[in-house]
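Everything on this sheet refers to the single structure shown next.
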Amino acid sequence: YMYLLFKPLELDGRIERLIVLYVGKLSDCVYIWRQNVVVAKSLGITQEEIDTLEKNDTQADCFSDAQKAAFRFAEEAFRLIEVSDEVYAETTRFFGPQAITELLYVVGTYMLLARVARTGRVPLDETPAAATSLN
């Protein structure tokens, strides 16, 4: 289901995966965080970026302006349901309508998955799954 909806993405794969991690962090979902760190690293996301995001520092210098805008959009969509005009306008500086829709889709999908994992008490595997290519 997710594979078909995510192919092809206009949204940059690194930004998409950073948002997945961020939603996992905001949801306090260890399962999503742990599984997606592996995927993030396979996309070239650095350990510094992962550690910084884990500290909830989404405006750190290691992130690009587009990534920072995506984090702000994701946080407001997560917490407020609807983003403010200011955050929406900032997001449009970096992303077109399709990428913004995809960004919202990523936030909503991983909010749902976090709730399924946490409420369903999905156990952590002994080791995280290996990253696989979706090409």
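The values are calculated or read from the model by the stated rules, or taken from the named source; none is laboratory data. Owing to the predicted nature of the structure, the values given are computational and were not obtained by experimental measurement. We place every Cβ from the backbone using ideal geometry, glycine too, and count neighbours over all the protein chains shown. Heavy atoms of the whole protein, side chains included, go into the accessibility calculation; ligands, DNA and RNA do not. Shrake-Rupley method; radii C 1.70, N 1.55, O 1.52, S 1.80 Å.
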*asked:* I need the Kirkwood Rh of region 39-134: take the reciprocal of the average 1/r across all distinct C-alpha pairs and report it in angstrom.
replied: 15.1 Å
*Enumerate the helices in the chain for which the Kyte-Doolittle hydropathy averages -0.5 or more and the C-alpha atoms extend at least 24 Å along the helix's axis, using complete DSSP H runs.*
97-119
*Could you work out the longest stretch of the chain that avoids the trypsin sites (Lys or Arg not before Pro) located in DSSP loops with at most 12 other Cβ atoms within 10 Å?*
1-54
*Carbon and sulfur atoms: what percent of the 1.4 Å accessible area of region 1-98 do they account for?*
51 percent
*Can you give me the relative contact order of the chain as a percent, contacts being Cα pairs under 8 Å and 6 or more apart?*
37 percent
_Tell me which chymotrypsin sites (Phe, Trp or Tyr not before Pro) from region 1-76 have a DSSP coil assignment and no more than 12 other beta carbons within 10 Å of their own._
Y1
*Value at 222 nm in deg cm²/dmol, rounded to 500, when DSSP H runs of n ≥ 4 in the chain each add -39,500 (n - 2.57)*: -20000 deg cm²/dmol
_Separation of alpha-carbon centers, region 14-51 and region 64-122, rounded to whole Å_ = 14 Å
*Counting only heavy atoms of the protein chains, get the accessible area per residue of the chain (1.4 Å probe) and round it to a whole Å² value.*
57 Å²
